[in-house]
């Protein structure tokens with residue numbers, strides 16, 4: 001069920017709200033950037049994500065084919081969300097579940113996780129994923 | 001053993017000396033956002049191969065831990081602090097270390113949120 005969640009980076013410069021369904025799949029990936037940041041996104045279509053503050057506080061990072069926009073807060077370095085422009089689901093926002101406020105540990109622990117093999121450009125589970 | 005690590009873009013690279021026998025995962029307000037797997041070592045065992053000022057610094061609460069991150073790619077390779085005895089320590093995010101099998105490193109979960 002879609003529900004509106006509020007979220008923020010650590011220092012509070014970046015705040016957002018997103019309509020998410022936490023009974024649907026979230027993602028963990030083994031690619032070079034997700035491995036380092038342990039990015040754990042729930043996905044939202046662009047119309048279901050609203051940046052409430054901090055546009056000017058964000059740094060954008062792109063690499064390789066430069067199709068994914070990786071944003072982080074200039075002050076605390078936290079990555080609240082990213083934008084995939086050509087995902088299997090089209091343009092999507094990846095919202096860092098760790099940045100949601102008012103969600104309990106128990107709720108987070110129940111969010112289903114799909115592991116994907118970004119290291120090999122595959123949207124399938126990688127051979128090893130327990131560390132993700 | 002000597003380990004090499006880096007942020008994603010390469011602005012921060014480092015070497016760490018020690019025996020990597022385990023790491024800590026924490027659920028506090030910053031760790032749950034950063035998702036780091038931390039390996040605590042004496043600060044002297046961390047050798048930055050790039051200038052110290054290549055990393056940005058974030059502190060909060062008691063401002064005793066320096067959370068260092070790359071201003072270009074946003075990756076958090078290490079933090080710096082002091083242990084209860086006053087020794088300079090570093091917390092290495094082992095997700096930034098190359099050529100290790102991460103899933104084989106035992107992880108201890110720390111309830112930092114409860115502090």
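In whole Å, what is the distance between the alpha-carbon centres of the range A:95-110 and the range B:1-35? Cα centroid of the range A:95-110 versus Cα centroid of the range B:1-35: 23 Å apart. Taking all Cα pairs closer than 8 Å and separated by 6 or more residues, the relative contact order of the range B:1-44 comes to 28 percent. Once Rh is set to the Kirkwood radius over Cα pairs, what Stokes-Einstein translational diffusion coefficient, in µm²/s, holds for the range B:2-114 at a temperature of 25 °C and a viscosity of 0.890 mPa s? Rounded, D is 172 µm²/s. For the range A:3-120, the ratio of Cα radius of gyration to the globular rule of thumb 2.2 N^0.38 Å stands at 0.99.
Which three semi-axes in whole Å describe the equivalent ellipsoid of the protein assembly as shown, each the square root of 5 times a Cα gyration tensor eigenvalue, listed largest first?
Working: eigenvalues 156, 78, 66 Å².
Square roots of five times the eigenvalues give 28, 20, 18 Å.
Short-range pairs are left out: with C-alpha atoms under 8 Å and at least six residues apart, the relative contact order of the range B:27-115 is 33 percent. Averaging the Cα positions of each part gives two centres, and for the range A:19-80 and the range B:59-94 these lie 22 Å apart.
At 222 nm, what value in deg cm²/dmol follows for the protein assembly as shown if DSSP H runs of at least 4 each add -39500 (n - 2.57) and the sum is divided by all its residues, to the nearest 500?
On the way: 3 runs with 15 residues, N = 247.
So the calculated ellipticity at 222 nm is -1000 deg cm²/dmol.
For B:29, A:56, the sequence from fewest to most other C-beta atoms within 10 Å is A:56, B:29. Exposure proxy ranking for B:65, B:82, based on other Cβ atoms within 10 angstrom of each Cβ and starting from the fewest, stands as B:82, B:65.
Most exposed first by the Cβ proxy, i.e. fewest other Cβ within 10 Å, how do A:72, A:16, A:63 rank? Walk me through the intermediate numbers first.
Details: A:72 29, A:16 23, A:63 13.
Ascending Cβ contact count within 10 Å gives the list A:63, A:16, A:72.
Every number in this text was worked out from the coordinates using simple rules, so none of it is lab data. Quick caveat: nothing in here was measured; it's all calculated off a predicted structure. Glycine also receives a Cβ, built like all others from the backbone with ideal geometry; neighbour counts cover every protein chain displayed.
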